[in-house]
1. By a straight-distance test (C-alpha under 13 Å), which aspartates and glutamates pair with C:LYS21 as possible cross-link partners, with residues fewer than eight away in the same chain excluded?
2. Taking amide hydrogens as modeled 1.01 Å from N in the peptide plane, which residues meet the under 5 Å criterion relative to C:VAL56, leaving out close sequence neighbours?
3. With axes computed from alpha carbons, what is the tilt in degrees of helix C:496-506 against the longest principal axis of chain C, rounded to the nearest 10 within 0 to 90?
4. So which residue, out of B:PRO200, B:PRO296, B:PRO82, gets the largest mean-square fluctuation from a GNM of chain B using Cα contacts under 10 Å as springs?
5. Students often forget the sequence filter, so: which aspartates and glutamates lie under 14 Å Cα-Cα from C:LYS297 once same-chain residues fewer than 8 apart are removed?
6. Per residue of B:176-187, count partner chain C-beta atoms within 10 Å of its C-beta, then hand back the mean as an integer.
7. Using a 10 Å cut-off on Cβ to Cβ distances, tally the other chain neighbours for every residue of B:91-101 and report the average as a whole number.
8. Could you work out the helix-only [θ] at 222 nm for chain A, with each DSSP H run of four or more residues adding -39,500 (n - 2.57) and the total divided by the number of residues, to the nearest 500 deg cm²/dmol?
Amino acid sequence: MKEIPFKNPGWAGNTGEFDLTEAEVRGEDFVGERPRAGGHPSGASAYPYMLAEKTPDAKLFEGDYQARFEKILSRYPNKQGALLPTLNLAQEVRGHVSPETMNEVAGLLGLSPAYVRGVTSFYTMYNKRPVGRYLIQVCTNVSCSLKGGDDVMAAFLRYTDTELGETSEDGLFTVIEAECLAACGFGPAVQINSQYYENVTPADVPGIIERLKAERAGSAG
Amino acid sequence: MAYPYVSDREVRLLSKSFGDPKGRRLETYVERGGYGALKKAFEMGPDAVIDEVKASGLRGRGGAGFPAGVKWSFMPKEPTRPHYLLCNADESEPGTFKDRELMRWDPHQLIEGVLIAAYAIRAKQAYIYCRGEFFETTQILAKALEDAYAGGYVGKDILGSGVDIDVTIHLGAGAYICGEETALMNSLEGRRGQPRVKPPFPAAVGAFGMPTTINNVETLSAVPHIVSNGGAWYRQWGTERSTGTKLFCVSGHVNKPGNYELPLGFPLMDLIEDVCGGMTNGKALKAVIPGGSSVPILTAAECKGVNLDYESVQAAGSMLGCAAVIVMDEDTHIVKQVRRIVDFYAHESCGQCTPCREGTAWLAKILRRIEDGKGAEEDLDTLLSVSRHMTGTTICVLSDSAAAPVVSSIQKFKDEYLALIRRGERAGVA
Amino acid sequence: MADSPATVTLTIDGQEVTVPKGTTLLQAAKQVGQEIPHYCYHPGLSSPAMCRLCLVEVEGAPKPVPSCVTQAMNGQVVKTQSPLAREMREGVLEFYLVNHPLDCPICDMSGECNLQNYVHREGRDHGRSVEPKRVFGRDDFGGDVLFYGDRCVMCTRCVRFMNEMEQDSRLTVVERGNRSVIDTFYDHGLEGTHWHGNIVDLCPVGALVSKDFLYKARAWDLAHTPSICPSCSQGCNIELHTRDNLVQRVKPRENLEVNGWWICDHGRLDYEWINHGQRLEAPLVRDGGATRATEWKDALVTLLDRAGAAVGKGVKAVASPFASNEDLAAFAALVKELGGGPIVYRSARSDVEIPLKGYPGLARRKDLSPNAVGAELLEMTRVGGDDGTGGLDDVAKHEGILLVLGDFLHDQPSDFGGKAALYAYFGTRGGAATEAAHLVLPVTTFAEQEGTFTNFQGRVQRFWPALTGPGAARPAWLVIGALVAQLTSTDVIRSAADAFARMGQQVPAFAGLTYDDLGTRGAVVSETVPLTGD
């Protein structure tokens, strides 16, 4: 069983009556390393599009990403249907959706740039500006609020030394409010990039921040 | 078993693999009888499948409670154009967290349900629309789907039956309103996720303009069981009009929050006091929202004798919705929670309809002012009047959903509002 | 009475009405005189039913229904003025005012604003919101359009027009909920589109305004006159809005068979020439080297005297496709009475046609004049290049009778017509090429007289005078008609209607048509007309 660094890193794995590792609960033991080229086309858009590593000037698209893009396109009866998955892919690569990115995606799909802007701006998860390496989204909706979600939010702001919505000076963290993450029974819930953290208490927050910083230091480049 | 706590009062139908990582694997699923329902469905033929689901009384588990078999029967029997089956996995209703569990513990159950439904409505294409935040969950689902394709359960000539069905996973990008069926279709088509006017209804003009059926994850997950065992078998649980089992999502001030699969009609107070181990810290119950944030709040007194089925909850003055039970103890600051809920709707309103676009923002501003101690008594009349103009006047019911907690909380917890207004201070602790 | 399957009968506010199947409640209500307030609905665009202003009560329905998309059904009982319907409208109007700025004193739309009108009719006396309003500010959308975001009621007519009609999606809704606002793709606005001016007409409030018209005039000071756009041969029906005897702006007039509800930006913004420039104000007679202004009678008598002396030397004439049918017909008759001869005209042509893709049959035509077809029907011939110049070399040196109607002759030298026995110029402005004319006679523009144009399809359409012409300027058909009357010993024709009727005698295609036949929508002549040089 994997070493749990502290009581509740928050995957609801060691709450309750089950004896599971983090990998088992998150499904990492089942999913393994997903191929960047998208695997089977049916799941080509089921990828985390919030990564720590971002390349704002990456080409749209080339290599594995181009292969994934083509798989995505093949699943819709028209190009417009592939708009959301394509924007997701563009954000996965570049980290946020800038006007330039909108324009390029519009060109790829034969849509007008204004139209793509309208769609992009509708959805919350498209970052309109660059965000920190770790986007920390704290749910403060009713179920999490009943369990102290606001205190967890305050703790994250304090330990990342940021204002709500602003990126920390070292470029590591941006903290925002999230609407219900559908983990209400394990609240307060927090999503950091593409991972869920559940049953988070203010006391857990410094540990989570340290863990992320260590991950950053440990990863290549 | 549901997750993360088990109760022996549960009926482990859809949730039997919760907490069991092996349950995701195709081999395990098949070993335990998986995809047997699919084979049986092919032998029965589409119309017989629809009849069986109708006979079961299965009602949509996403909140509307519309009979699933009836919905399927709206689709043309002789397709002249492509049909689509859409699975609504855009679980965003505050308080609800069952679909995520269903997808990450038993993805094949959902896939099998999607396939049977698609077959019944003569669709060759199915999309599973998942909310964008469900990265981990959809990766589990995608891997399972990949295995299912490899095993011949999805794609061309499934299991040699001659039936072709393709399934695609589609990720959203953060919009609660995309859980509304017509908004989901718009979002799938690469548009802003704005609901459409009905009529026309999805079975006539749906995704990409084609006949479409949309069902919730839990609804579709129940389908293989109904097909395997028959509609009449499913009726052994629940009540006459609310048949079968339901996953209840309990959150808030209980000792054992989580998902519990129980027969419909299960008493609400039993759920809180027995199954969920009672209130945290021995506090008294103050209020319960029985069906997700869109439904009226019930006081503790009103909860007594309420059974968790569609009819009984409606008789008590609320709605079962998606069965997300949010439990609030005596120290809960009701006005703050209502304000937070209305803030959520103001943030999520798509902005098409004037009453919703302006009304949600207006309600939120008034409530915040009251919460900050700067309210006036006329504000309560304004809140009620604005809520009235937001109910029944819009394309979809987000507007009604924003108004419901406001109206019910003013009616039932007026003293808390008045305390803030008169004394300008917080009455009660969050 | 049994309904045929193609109609339904329903009751609206107590009145029974029978309508074709598929008619919406909004349209049906119009037939019994009930104008249900609405914003997002427009007959020329899709119906999203999102403004929620048109909600009506239908007996038996669980909630109010949007009348713009609900189809009328047999036996329905509809109430647009019931307490519930009025309460809902009052509620929706109050929602509009929650964030709407009180800009009326500085807003161009004041006086013709549907928010003012509806709220005045059935809104609350006081809005109850005391919350701070959301602010968007002013945005330049490019082209002729300014956007005042705070005033916007989010009806999205502008977005849908660009998507569905122009089919160049330049506008979009950005963000969602109460934060939603109309915008372009950042700096890439409406420039380069050709029909965007229509979104200003479509906007029910003062959110979209025309830069050309900004702060120019108050709506209630403007007189509206039905007219026809002279910028090309499509013949879009327009209204000239005037004040102080000047055209202040041009608006489209509905005609489903010609231009729908739309006009292009070229025609919309090309009206200044009507207002400006040095105009001929009195008949001028040149004797020897001296020019004198005189009365019409003197001028016309002088003309006839000179013409009499020049008979036998042939007539050459230049007409203009900007002259009305009546003007051209009188001109042709004059040429005939003076001995007959070729009549030519020049007109500019564009090398592109600019269609409004969403409205088949509507385009800014290559022929950049309003009445070339009228000229062709009178057997006049086009000469010159596509820039509207040239082609007059043999006319310029003609030694007999030379008559010009309307053409500015701006490319011709000052000795144009210098050899002619009689050179008479009927026009609105002078210029170098009129210096050798024996008579320079002031006529009115189309905006200053009643008349008709014939569009590219052969549709004859009426226009009415919106302005008073300067000084002694008179309609060409009147003064030229007086000459013809003198030459033929008939009565002078004194009304445009009679002038038009006389055309019927000259031109078989117009035979039998009267002004009454044409009405305000026009009628198509009996034969198709190819243009010379096509």
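1. C:LYS21 reaches C:ASP3.
2. Residues meeting the criterion, in which the H sits 1.01 Å from N, are C:VAL65, C:SER67.
3. Roughly 60 degrees between the two axes.
4. Result for chain B, Cα springs under 10 Å: B:PRO200 fluctuates most.
5. C:ASP305
6. Per-residue shielding by partner chains comes out at 1.
7. Mean shielding by partner chains, rounded to a whole number: 5.
8. Result for chain A, helices only: -11000 deg cm²/dmol.
The values are calculated or read from the model by the stated rules, or taken from the named source; none is laboratory data. Note that this is a predicted model, so its numbers are computed, not measured. No Cβ is skipped: glycine too gets one built from the backbone with ideal geometry, and neighbour counts run over all protein chains shown. All accessible areas refer to the heavy atoms of the entire protein, side chains included, with ligands and DNA or RNA removed. Shrake-Rupley method; radii C 1.70, N 1.55, O 1.52, S 1.80 Å.
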